[in-house]
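The values are calculated or read from the model by the stated rules, or taken from the named source; none is laboratory data. Note that this is a predicted model, so its numbers are computed, not measured. Please note: Cβ atoms are built from the backbone with ideal geometry, for glycine as well, and neighbour counts cover all protein chains shown.
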């Protein structure tokens, strides 16, 4: 497309052809008023109007910074433009309205730009940029609230700014690859989205759409280092950008104690940890054995009874407790298990402090990892190879110094961890790997949306 414009600058008097400057930054206000990416309702809203003005200015600044050279209509990016138009045209699969991107106007502008006239070329380039930014912002900004617990607020998905979106696209080794892989989202998104477009089964399409919603809450492909735990898959991935560099099997919560969807920052590792027994698990796992074997069971298993839940709690005698009342959940007690071979935390636990008391930890029950179904924990995530995760997080092996309990080793820099629930993920073979909806979250979400039988689009709001 832009090559036609280049021909008009054919070398004169032996001078070489130079790429045309499109002076795109000068038409920001003109195209902004007519650009795609915002519905009619949004244009009447004052807050959206302010956001559009800011985006338009950011895009103008972007083009000014690159000497008004085109990005989308640069030579070699024809396929990227077609891929972007295809994404917008099929935005229904994202739970978005394709009509809000004024596709007919955009396609017409691109078509007219082929005549090589600079004004048409400028207008089409800026409209493409605005459509790209609007679509990327909608995918993030309209991600639904699915009950994820954001322990650290900075991990909550936010609407990306126009300038970073365009800068990342321009810095990509290939704009075709950047748009084709939807690199502003998690690497799972594009292949799963393509599967939704290819399937003719409404129920399967609806199930894919539910998983697409959850993936939109995960980090983008350029997010750096983070830990991803997919409870449905019962697997942990150590991620560096879009690449899983290591993985391991995990044990996750049984349905009655489902591992929550959560985003937090792993801040430190605790070596020789106590296991602070949740009250419901004290009733379920400990009290019945105390009733059967007496207080000797507590000594043998390394349990201590504490006076209260404060930091100044004291160890007290178990004879002061009505253990039948504990077993029947009529009385709550605070128990902790001392470090040692029987400790349910194993040698270490990885802490992202939260009121739910969820963390990643080692375990002495290694036989569980040979089982296909590993939904047996009280909500925490037990690790197949905790020392391997520690080495990746800290950049070196770590080991306790002596027998002192709860030896804290801070991470050089906190690392995000995302606990999610994906019942469909792309596999290395290119096919979709599917997992049972053990927690019933797919079924509940489909029922909320009224899509359990018809597989319609999922509204991303």
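What about residue 326, is it in contact (Cβ under 8 Å) with a residue 24 or more places away in the chain, surrounded by 14 or more Cβ atoms within 10 Å (Cβ to Cβ) and in contact with a helix residue (DSSP H, G or I) (Cβ under 7 Å, 6 or more places away or on another chain)? Working first, answer last.
Numbers: in contact (Cβ under 8 Å) with a residue 24 or more places away in the chain: yes; surrounded by 14 or more Cβ atoms within 10 Å (Cβ to Cβ): yes; in contact with a helix residue (DSSP H, G or I) (Cβ under 7 Å, 6 or more places away or on another chain): yes.
Criteria met by residue 326.
Across the stretch 233-257, what is the number of residues that are touching a residue at least 24 places away in the same chain (Cβ under 8 Å) and either in a helix (DSSP H, G or I) or in contact with a strand residue (DSSP E or B) (Cβ under 8 Å, 6 or more places away or on another chain) (or both)?
Residues in the stretch 233-257 being touching a residue at least 24 places away in the same chain (Cβ under 8 Å) and either in a helix (DSSP H, G or I) or in contact with a strand residue (DSSP E or B) (Cβ under 8 Å, 6 or more places away or on another chain) (or both): 15 in total.
Please give the helices (runs of 4 or more DSSP H) falling wholly within the stretch 8-103 in which 3 or more residues are at pLDDT below 95.
Values: elements: 28-34, 40-43, 46-65, 78-89.
Those helices (runs of 4 or more DSSP H) span 28-34, 40-43, 46-65.
Of the conditions (1) under 20 Å from the mean Cα position of the chain (by Cα); (2) surrounded by fewer than 11 Cβ atoms within 10 Å (Cβ to Cβ); (3) touching a residue at least 60 places away in the same chain (Cβ under 8 Å), residue 428 clears all except one; give me its number.
(3)
Of the residues in the stretch 376-393, how many are touching a residue at least 40 places away in the same chain (Cβ under 8 Å) and over 22 Å from the mean Cα position of the chain (by Cα)?
Step one: of the stretch 376-393, the residues touching a residue at least 40 places away in the same chain (Cβ under 8 Å) are 376-390, 392-393.
Then keep just the ones that are over 22 Å from the mean Cα position of the chain (by Cα); that gives 376-378, 384-388.
The total comes to 8.
Checking residue 345 against (1) more than 25 Å from residue 404 (Cβ to Cβ); (2) in contact with a strand residue (DSSP E or B) (Cβ under 8 Å, 6 or more places away or on another chain): exactly one of these is not met. Which one?
Condition (1) is where residue 345 drops out.
Does residue 144 fit the bill of being in contact (Cβ under 8 Å) with a residue 24 or more places away in the chain and assigned to a loop (DSSP other than H, G, I, E, B)? Working first, answer last.
Values: in contact (Cβ under 8 Å) with a residue 24 or more places away in the chain: yes; assigned to a loop (DSSP other than H, G, I, E, B): yes.
Yes: the conditions hold for residue 144.
Which ones in the stretch 402-424 are in contact (Cβ under 8 Å) with a residue 24 or more places away in the chain and over 25 Å from residue 219 (Cβ atoms)? Reasoning before the result, please.
Our first condition is that a residue be in contact (Cβ under 8 Å) with a residue 24 or more places away in the chain; within the stretch 402-424, this holds for 403-411, 414-424.
Those that are in contact (Cβ under 8 Å) with a residue 24 or more places away in the chain and over 25 Å from residue 219 (Cβ atoms): 403, 404, 405, 406, 407, 408.
Within the stretch 336-365, how many residues are part of a strand (DSSP E or B) and modelled with pLDDT under 95? Spell out how you get there, then give the answer.
First, the residues of the stretch 336-365 that are part of a strand (DSSP E or B): 336-337, 348-351, 360-361.
Next, from what is left, pick out any that are modelled with pLDDT under 95: 336-337.
Residues flagged as part of a strand (DSSP E or B) and modelled with pLDDT under 95 within the stretch 336-365 amount to 2.
Give the residues of the stretch 400-413 that are crowded, with 16+ Cβ neighbours inside 10 Å and within 28 Å of the chain's Cα centre (by Cα), sorted by residue number.
409, 411
How many residues are out of contact with any strand residue (DSSP E or B) (no Cβ under 6 Å at 6 or more places or on another chain) and over 21 Å from residue 364 (Cα atoms) when one looks only at the stretch 288-307?
Quick first cut of the stretch 288-307, residues out of contact with any strand residue (DSSP E or B) (no Cβ under 6 Å at 6 or more places or on another chain) only: 288-301.
From what's left, over 21 Å from residue 364 (Cα atoms): 288, 290-296.
Number of matching residues: 8.
Take the residues in the stretch 333-364 that are surrounded by fewer than 20 Cβ atoms within 10 Å (Cβ to Cβ) and without any contact (Cβ under 8 Å) to a residue 60 or more places away in the chain; name whichever of them is farthest from residue 398 (Cα to Cα).
334
Is it true that residue 397 is over 22 Å from residue 278 (Cα atoms), touching a helix residue (DSSP H, G or I) at 6+ places or on another chain (Cβ under 7 Å), crowded, with 19+ Cβ neighbours inside 10 Å and at pLDDT 95 or above?
No, not satisfied.
Which condition number in (1) surrounded by 15 or more Cβ atoms within 10 Å (Cβ to Cβ); (2) without any contact (Cβ under 8 Å) to a residue 24 or more places away in the chain is the one that residue 186 fails?
For residue 186, the failing item is (2).
Given the criterion closer than 13 Å to residue 418 by Cβ and touching a helix residue (DSSP H, G or I) at 6+ places or on another chain (Cβ under 8 Å), identify the matching residue among 216, 193.
Details: 193 fails: closer than 13 Å to residue 418 by Cβ.
Matching residue, one of 216, 193: 216.
I'd like to know if the stretch 122-141 contains one or more residues that are surrounded by 23 or more Cβ atoms within 10 Å (Cβ to Cβ), at pLDDT 90 or above and not in a helix (DSSP H, G or I).
Checked the stretch 122-141: no residue is surrounded by 23 or more Cβ atoms within 10 Å (Cβ to Cβ), at pLDDT 90 or above and not in a helix (DSSP H, G or I).
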